[in-house]
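Undergrad: The structure is given below, and queries will be raised subsequently.
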Amino acid sequence: MQLNWAPMFDERILMVATLEKVFVHAVCALLLPGAVFCEERVSDTALNHAKEILKSTPLIDGHNDLPWVIREVTGGDVAAFRLQDRNEFDTDIPRLREGRVGGQFWSAWIPGETAAADAARLQLEQIAIARKIIEEHPDTFELASTADDIVRIFANGKIASLLGMEGGYGLNNSLTNLAMYYSLGIRYMSLTHNVTLDWADAALGEQSHGGLNRFGVEVIREMNRLGMMVDIAHASPATMHQALDASAAPVIWSHAAARALVDHPRNVPDGVLKRLDRNGGIVMVTFIPSFLRKDVWDMEEKMWATDAASDTVREIRDIWTAYDAEFGAVRASLNDVVLHIEHIRDVAGIDHVGIGSDFWGMLDMPIGLEDVSGFPRLFAALIDRGWSDADLKKLAGENLLRVLREVELVAKELQPIKLATGPAN
């Protein structure tokens, strides 16, 4: 919509511009959530403001699957992937810099279907790839182990890099292995991915334990003792609630969205969100389109029904491209991410929301957030919606830093306590 009144006073210009912005946001929120024009209407002033905020406050992204993309594309050869150059996927150094990324959790994911005999080996390989990303680009990345490390590295102009395990499959039911992974730099572990373990139910897996069994509780207590954040992004609602009951430290969702907006099993119910004020944890809002819009989720279910056997990054990109060409793929947009962020803020509180993109080399990420360069646009959209600088800084990284510091404090208090290591039961 374009308004071309000939104003007599500057005040009328301001009034018209304000009314236009209010009208556009009302249409977006009520009638056209996710519409392309909605997400594109970020002002230059807001974009510049967002970039200034991200100069002083580290944007800490909770989840990026680059290590697995590198494994599939180059067999794990980080140098051959050439992160210093723009690539065909969604993550490289030039675009990380454009996106003002100040801290990044690199995901050391392994498939839940991995045989137990191979799980620990594959887990160690993925940790090695993640660490190689950091080691081969020392001018850009530096390994961070603590909240203070993140602040220091960011102040020195580098991207603080942390490691997260996605799914506890590599533990092989051993708390000793958990301690080993912590020593290698793992600072959060998602209890599950999409497959239920011997000790924890996954949101998309069989509900075998009614949440956590006794060993699952011991895993959480040992994570608390080590100083490793408990990530329940892929857990069932029962597992979420029981993890909140068991954890002495704040928990995180490294990449999730609001179930009240999209009834996807991977999203977080309001009943869980309401518990975060007491626990202190945060939901790091994902950019995965099927979590953000029901019509995208419905489309993807049809897509995978015909191509369920294809699972590599390139195969999935080809499937999406072919489906889009034949049927016209439904897209999510930056505005959908905004709506999930604001819902979690409204239900859980501003202290309990962050950013967890989950870039993984796909072509279907939200319009306006197609790659890691898009973070300032997201913050500009929030500025245009009236967010304060203080709240934007909490969303960007201050909430995650607070959680990590509290996790570190709990670990110091629990260090004298050594839990027994035994098999799951």
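Undergrad: Dividing the alpha-carbon Rg of the stretch 82-191 by 2.2 N^0.38 Å yields what?
TA: For the stretch 82-191, the normalised Cα radius of gyration comes out at 1.12.
Undergrad: Of the chain, which part is the longest with no GluC sites (Glu not before Pro) in a loop (DSSP not H, G, I, E, B) and with at most 11 other C-beta atoms within 10 angstrom?
TA: It runs 207-425.
Undergrad: Report the chymotrypsin sites (Phe, Trp or Tyr not before Pro) located in the stretch 308-345 that are in a DSSP loop and have at most 11 other Cβ atoms inside 10 Å of their Cβ, or state none.
TA: Loop-located and lightly packed - none at all.
Undergrad: Got a sec to turn the phi values of the stretch 381-392 into Karplus ³J(HN,Hα) couplings, 6.51 cos²θ - 1.76 cosθ + 1.60 with θ = phi - 60°, whole Hz, x for Gly and Pro?
TA: Here the 3J(HN,Hα) series is 4, 5, 4, 5, 8, x, 5, 7, 4, 4, 6, 5 Hz.
Undergrad: With N residues in the stretch 205-320, what two-decimal value do you get for its Cα radius of gyration over 2.2 N^0.38 Å?
TA: 1.20
Undergrad: Of the candidates Ala79, Ala257, Ala144, which one comes out as most mobile in a Gaussian network treatment of the chain with C-alpha springs shorter than 10 Å?
TA: Looking only at Ala79, Ala257, Ala144, the largest GNM fluctuation is found for Ala79.
Undergrad: If we count other beta carbons within 10 Å of each Cβ, what is the order of Val268, Val283, fewest first? List each step's numbers first, then the result.
TA: On the way: Val268 28, Val283 33.
Lowest to highest Cβ neighbour count: Val268, Val283.
Undergrad: Looking at the calculated P(r) for the stretch 116-261, what percent of the C-alpha pair distances fall above 20 Å?
TA: Pairs farther apart than 20 Å: 49 percent.
Undergrad: Any lysines with Cα under 20 Å of the Lys302 Cα? List them, leaving off those in the same chain fewer than 8 positions away.
TA: Result set, ordered by chain and number: Lys294.
Undergrad: When the Kirkwood radius is taken over all Cα pairs of the stretch 258-355, what Stokes-Einstein diffusion coefficient follows at 4 °C and 1.567 mPa s, in µm²/s?
TA: Values: Rh = 14.7 Å.
My calculation gives 88 µm²/s for D.
Undergrad: Further question on the same structure: Would you grab the residues whose amide H sits under 5 Å from the one on Ala108? Only those 5+ places off in sequence or on another chain, please, with H modelled 1.01 Å from N.
TA: Hits under the 5 Å cutoff: Gly164, Met165, Glu166.
Undergrad: Here's a follow-up. To the nearest 10 degrees, how steep is helix 44-56 against the longest Cα principal axis of the chain, on a 0 to 90 scale?
TA: The answer is roughly 30 degrees.
Undergrad: Still on this model: Check Val283: other-chain or 5+ apart residues with amide H under 5 Å from its amide H, H built from backbone geometry?
TA: Counting only residues 5 or more places away or on other chains, the set is Trp253, Val353, Gly354.
Undergrad: Something else about it: If you build a Gaussian network model of the chain, linking Cα atoms that sit under 10 Å apart, which residue out of Pro138, Pro250, Pro67 swings the most?
TA: Pro138
Undergrad: Which log10 I(q)/I(0) values, to two decimals, does the stretch 184-244 give at q = 0.12, 0.17, 0.22 Å⁻¹ under the Debye formula with one point per Cα?
TA: Debye intensities relative to I(0), on a log10 scale: -0.24, -0.47, -0.77.
Undergrad: Just to check, using Stokes-Einstein with a Kirkwood Rh over alpha carbon pairs, what's the diffusion coefficient of the stretch 124-177 at 25 °C and 0.890 mPa s in µm²/s?
TA: Diffusion coefficient, whole number: 198 µm²/s.
Undergrad: Now a separate question. Find the Cα radius of gyration of the chain, compare it with 2.2 N^0.38 Å by division, and give the number to two decimals.
TA: The reported ratio for this selection is 0.97.
Undergrad: At 0.36 nm per residue, minus the direct Cα-Cα distance, what do Asn172 and Asp148 gain on full extension? Give it in nm, one decimal, please.
TA: That pair, Asn172 and Asp148, stretches by 5.5 nm at full extension.
Undergrad: For the stretch 46-141, state which trypsin sites (Lys or Arg not before Pro) are in a DSSP loop and have at most 15 other beta carbons lying within 10 Å of their beta carbon.
TA: Details: sites: Lys51, Lys55, Arg71, Arg82, Arg86, Arg95, Arg97, Arg100, Arg121, Arg131, Lys132; in loops: Arg82, Arg86, Arg100.
The qualifying sites are Arg82, Arg86.
Undergrad: Here is a follow-up. Against the longest alpha carbon principal axis of the chain, how many degrees, from 0 to 90 and to the nearest 10, is the axis of helix 237-246 turned?
TA: Taking Cα atoms only, the helix is inclined about 70 degrees.
Undergrad: Turning to a different aspect of this structure: Identify the trypsin sites (Lys or Arg not before Pro) of the stretch 271-360 meeting these criteria: DSSP loop state and at most 13 other C-beta atoms within 10 Å of the C-beta.
TA: Numbers: sites: Lys274, Arg275, Arg278, Arg293, Lys294, Lys302, Arg314, Arg317, Arg331, Arg345; in loops: Lys274, Arg275, Arg293, Arg331.
Counting only loop positions with at most 13 other Cβ atoms within 10 Å, the trypsin sites (Lys or Arg not before Pro) in the stretch 271-360 are Lys274.
Where a number appears in this text, it was derived from the coordinates with a stated rule and is not lab data. Computed from a predicted model, the values in this text were never measured in an experiment. Heads up, the Cβs are rebuilt from the backbone with ideal geometry, glycines too, and the neighbour counts pull from every protein chain shown.
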